[in-house]
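Participant: This is the structure I have questions about; it appears just below.
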Amino acid sequence: MSAHGYRRILLKLSGEVLMGDQAYGIDPDTVARVAEEVKAAQDTGLQLCLVIGGGNIFRGMAGAAKGMDRAQADYMGMLATVMNALALQDAMRHVGVEARVQSALGIEFVEPYVRAKALRSLEKGRVVIFGAGTGNPFFTTDSAASLRAIEINADVILKGTRVDGIYTADPEKDPSAKKYETISFQECISQQLKVMDMTAFTLCMENKLPIIVFDMNQPDNLRRVISGEKVGTLVK
């Protein structure tokens with residue numbers, strides 16, 4: 001159990017985290033670093049599962065999706081998340097972590113999402129990576145992360161992004177923006193702070209599932225969050 005008292009966590013990564021310095025795609029060095037960080041987190045005795053976005057692959061094709069039917073574009077995005085999940089699974093194998101990919105879309109060579117199987121894998125000390133979002137168009141991977149976290153009784157969602165927390169305004173545009181250490185769900189809504197999309201956010205709020213937003217590009221941040229250090233912003 002971590003210093004926070006968490007036993008099971010869901011790590012939500014944006015696809016962009018896997019790009020490294022590239023404009024889009026998967027950077028092998030970055031994926032290897034993420035795998036090492038997940039291993040370090042798991043070595044503390046935590047049960048870990050992941051949801052990864054698809055922006056690093058799909059944004060590279062965004063031009064092709066212009067004018068495309070929204071549902072069709074969403075299915076392409078879901079397939080991009082499965083590619084990321086498989087890349088991360090392979091990187092984890094290299095560092096000695098057994099990971100299972102479960103897809104919400106039927107793909108013959110990928111295990112389908114089955115809640116009981118996911119729970120069994122977690123209990124056996126495997127990392128579970130949920131691919132293909134919720135399996136439905138019009139839902140984001142944030143919604144998938146919230147849904148899966150609630151289904152598997154996770155204690156917290158760790159949202160690894162390229163920003164080190166939640167601010168009063170966009171820190172890149174407003175140098176006077178202040179960072180929150182802790183903020184309530186209601187404050188996020190009243191101040192219209194973009195933590196997740198509203199569907200995902202409301203799911204977390206209704207199920208009293210805390211969210212920690214932190215910078216995944218800072219090496220060692222994941223371990224620091226888990227060990228109870230003041231990293232990122234806690235929403236509760």
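The values are calculated or read from the model by the stated rules, or taken from the named source; none is laboratory data. The model shown is predicted, which means the values in this text are computed figures rather than measured ones. Cβ atoms come from the backbone with ideal geometry, glycine included; neighbour counts cover every protein chain shown. Calculation scope for accessible area: heavy atoms of the full protein, side chains included, ligands and nucleic acids excluded. Shrake-Rupley method; radii C 1.70, N 1.55, O 1.52, S 1.80 Å.
Participant: Run lengths n ≥ 4 of DSSP H only: what is the helix-derived mean residue ellipticity at 222 nm for the chain, with -39500 (n - 2.57) per run over all residues, to the nearest 500? Mind showing how you got there, number by number?
Facilitator: On the way: 9 runs with 89 residues, N = 236.
The per-residue figure over the chain is -11000 deg cm²/dmol.
Participant: Report the FRET efficiency, 1/(1 + (r/R0)^6), for ARG120 and ASN207, where r is their Cβ-Cβ distance and R0 is 22 Å, rounded to 0.05. Mind showing how you got there, number by number?
Facilitator: On the way: r = 22 Å, r/R0 = 1.02.
After rounding to 0.05, the efficiency reads 0.50.
Participant: Counting other Cβ atoms within 10 Å, which chymotrypsin sites (Phe, Trp or Tyr not before Pro) in the range 127-236 have at most 12 and lie in a DSSP loop?
Facilitator: Those satisfying the criteria are PHE138.
Participant: Using the crude model of +1 on Lys and Arg Cβ and -1 on Asp and Glu Cβ, and no other charge, please compute the dipole size for the range 183-236 relative to its Cα centre, in debye to 20.
Facilitator: 120
Participant: Place +1 on the Cβ of every Lys and Arg and -1 on the Cβ of every Asp and Glu in the range 101-203, take the dipole about the Cα centre, and give the residue among ILE189, SER103, SER176 whose Cα lies farthest towards its positive end.
Facilitator: SER103
Participant: Continuing with the same structure: Whole-Hz ³J(HN,Hα) for each residue in the range 225-231, computed from phi via Karplus 6.51 cos²θ - 1.76 cosθ + 1.60 with θ = phi - 60°, x for glycine and proline: what do you get?
Facilitator: 4, 5, 7, x, 6, 6, 10
Participant: Sticking with this one: Once phi is turned into θ = phi - 60°, what whole-Hz ³J(HN,Hα) does the Karplus curve with 6.51, -1.76 and 1.60 give for every residue of the range 188-195, x standing for Gly and Pro?
Facilitator: 4, 5, 5, 8, 6, 7, 7, 8
Participant: Measure off 7 Å from each Cα along the Cα-to-Cβ vector at ALA32 and LYS178, then give the distance between these two points in nanometres to one decimal.
Facilitator: 4.3
Participant: Also: Protein chains only, probe 1.4 Å: how do LEU46, LEU119 rank by accessible area, largest first? Intermediate values should be presented prior to the final figure.
Facilitator: Values: LEU46 10, LEU119 35 Å².
So, going from the largest accessible area down, we get LEU119, LEU46.
Participant: Would you mind finding the longest exposed-site-free stretch of the chain, with exposed GluC sites (Glu not before Pro) meaning DSSP loop and at most 10 other Cβ atoms within 10 Å?
Facilitator: The answer is 1-107.
Participant: Hey, another quick one. Of the candidates GLY165, GLY135, GLY106, which one comes out as most mobile in a Gaussian network treatment of the chain with C-alpha springs shorter than 10 Å?
Facilitator: Sorting by GNM fluctuation, first place goes to GLY106.
Participant: For the chain, what relative contact order do you get, as a whole percent, if you take Cα pairs closer than 8 Å and at least 6 residues apart?
Facilitator: Once divided by the residue count of the chain, the mean separation gives 23 percent.
Participant: With a 1.4 Å probe and all protein chains left in place, how much of the accessible area of the range 101-236 comes from carbon and sulfur atoms, in whole percent?
Facilitator: Roughly 51 percent, rounded to a whole number.
Participant: For the chain, what is the accessible area per residue in Å², given a 1.4 Å probe and the full set of protein chains?
Facilitator: For the chain, the per-residue accessible area is 47 Å².
Participant: What size of dipole, in debye to the nearest 20, comes out for the chain about its Cα centre when the only charges are +1 on Lys and Arg C-beta atoms and -1 on Asp and Glu C-beta atoms?
Facilitator: Magnitude of the dipole: close to 520 debye.
Participant: Quick one: pull the percent of accessible area on the range 1-42 belonging to carbon and sulfur, 1.4 Å probe, ligands and nucleic acids left out. Numbers along the way, then the final one.
Facilitator: Details: 890 of 1760 Å².
Whole-percent figure for carbon plus sulfur exposure: 51.
Participant: Once you've got the Cα coordinates, tell me which of LYS159/LYS194; LYS12/LYS194; LYS124/LYS230 are over 20 Å apart.
Facilitator: Among LYS159/LYS194; LYS12/LYS194; LYS124/LYS230, the Cα-Cα distance tops 20 Å for LYS124/LYS230.
Participant: If you average the sequence gap of Cα pairs under 8 Å that are 6 or more apart and divide by the length of the range 116-236, what percent do you get for the contact order?
Facilitator: With pairs under 8 Å counted, the relative contact order is 29 percent.
Participant: Could you tell me the relative contact order of the range 2-141? Use alpha-carbon pairs under 8 Å, at least six residues apart, and round to a whole percent. It would help to have the intermediate numbers written out before the result.
Facilitator: On the way: 236 pairs, mean separation 37.3, N = 140.
Rounded, it is 27 percent for the range 2-141.
Participant: Then there's this: Taking the range 66-170, which trypsin sites (Lys or Arg not before Pro) meet the DSSP loop condition and have no more than 15 other C-beta atoms within 10 Å?
Facilitator: LYS66, LYS124, ARG162
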